[in-house]
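See below for the structure under consideration.
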Amino acid sequence: DTTLSLGYCYNADNDDEIYGTAVPAVGFDFFQGPIVPSPGDTAHVSGRAVPGYRNLPMTSFNKYINGTDPGSPVNSYNYMQGFDPDGNDITDPISGRVTKFFVAGDPVTNSGWLDDNPADRRLMLSSGPFTMAPGDTQEVVAGIIIAQGSDRLSSISLLKQYDEQAQAVF
């Protein structure tokens, strides 16, 4: 969910060996991303305002099947930049547009680019680019949210509600 800066996983169906039909969903969110110069904006770090900067949100989301993990630092860096492992652009097959976000559709409304090949997935959320000089620091705060509704799709809806609440509290 690019609007929430939330990457999440959910079950492909409502038939789970452990949870039955009430399959939970898990999400990962940048509550506070790294900061970059941005005249006129204000970033927030450790509860204090930093004028002239902004916090970056999630800037790419990638997924791959367990066992097809990135095979080199270059492959990993390409994924972090929102490319395929070889550095090629990713094209959303539904919109035909180049994107930095794999499967950014909405399974609850069954719209957009959805993951239609269930498997044991790995995912990678990234935020950047940003520059650091020796001695610089960046404070990044991420949250892990879990929600269990009555089925896999209601778990996603509940996950997004919990994420919005957690962001507001943060």
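The values are calculated or read from the model by the stated rules, or taken from the named source; none is laboratory data. The structure displayed is predicted, hence computed values, not measured ones. No Cβ is skipped: glycine too gets one built from the backbone with ideal geometry, and neighbour counts run over all protein chains shown. Ligands, DNA and RNA are stripped out before the accessible areas are found, and what is left, the full protein with its side chains, is counted by its heavy atoms. Shrake-Rupley method; radii C 1.70, N 1.55, O 1.52, S 1.80 Å.
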Using 0.36 nm per residue of separation minus the Cα-Cα distance, give me the extension gain between Ala12 and Lys63 in nm, one decimal. 16.9 nm
From most to least accessible, 1.4 Å probe, no ligand or DNA/RNA atoms counted, Thr59, Thr137 line up as Thr137, Thr59
Express in nm, to one decimal, how much length is gained between Thr137 and Val50 on full extension, taking 0.36 nm for each residue of separation and deducting their alpha carbon distance. 29.9 nm
Share, in percent, of DSSP beta bridges within the stretch 1-127 that are antiparallel, nearest 5: 95 percent
From highest to lowest solvent-accessible area (probe 1.4 Å; ligands, DNA and RNA excluded), Met132, Met58, Met124 read Met132, Met124, Met58
Coarse-grained scattering of the stretch 61-151 at q = 0.13, 0.18 Å⁻¹, given as base-10 log I(q)/I(0) from a Debye sum over alpha-carbon atoms: -0.58, -1.01
Return the distance in nm (one decimal) between the two label points of a simple spin-label model at Asp151 and Ser38, each offset 7 Å from Cα along Cα→Cβ. 3.8 nm
Would you mind counting up the charge near Asn75? Only other residues with Cβ under 10 Å from its Cβ, with Lys and Arg at +1 and Asp and Glu at -1. -3
For a quick size check, give me the Cα extents of the stretch 1-106 along its three principal axes, largest first, whole Å. 50, 35, 29
So the compactness index of the stretch 18-170, its C-alpha Rg divided by 2.2 N^0.38 Å, takes the value 1.17
Could you list, bin by bin from short to long, the percent of Cα-Cα pairs of the stretch 117-170 in 5 Å steps? 4, 13, 15, 18, 18, 13, 8, 6, 3, 1
